[in-house]
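**Q** Okay, handing you the structure first.
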Amino acid sequence: MAIRSHLIPDERATMPGRGAWVHPTDECVDAAIRRRAFVRALRVSGPLDPQTLMNTLQRNG
């Protein structure tokens, strides 16, 4: 069973650990997901679940 890490937006830039910056637009986030840019920037080996990030973008619209 694979464990999926979640992409969580840090709107206040206060969370510990490594982060990745992306324009808060659907186009930029979609491109970053498609190109696996988050996986490379965050230096993770497994898949990332972008649902939380996408929900935040839609809510802040």
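The values are calculated or read from the model by the stated rules, or taken from the named source; none is laboratory data. These numbers were taken from a predicted model, which means no experiment stands behind them. All Cβ positions, glycine included, derive from the backbone under ideal geometry; neighbour counts span all protein chains shown. Protein only, heavy atoms only, side chains kept; ligands, DNA and RNA dropped before computing areas. Shrake-Rupley method; radii C 1.70, N 1.55, O 1.52, S 1.80 Å.
**Q** Show me 6-14, 21-29 ranked by packing, highest mean number of other Cβ atoms within 10 Å first.
**A** In decreasing order of mean packing, 6-14, 21-29 become 21-29, 6-14.
**Q** Also: I'd like the carbon and sulfur percentage of the solvent accessible area for the chain, probe radius 1.4 Å, heavy atoms only, ligands and nucleic acids excluded.
**A** 53 percent
**Q** When the Kirkwood hydrodynamic radius is evaluated over all pairs of different C-alpha atoms of the chain, what value in angstrom, to one decimal, is obtained?
**A** By the Kirkwood definition, the hydrodynamic radius is 12.2 Å.
**Q** Sticking with this one: Would you calculate the separation in nanometres between label points at SER5 and TRP21, each defined as 7 Å from the Cα along the Cα-to-beta-carbon direction?
**A** 2.0 nm
**Q** Keeping all protein chains in place, calculate the accessible area per residue for the chain (probe 1.4 angstrom), answer in Å².
**A** About 82 Å² of surface per residue is accessible.
**Q** Could you tell me which of GLY46, MET15, THR25 has its Cα farthest along the dipole of the chain towards the positive end, charges placed at Cβ (Lys, Arg +1; Asp, Glu -1), taken about the Cα centre?
**A** Selected residue: GLY46.
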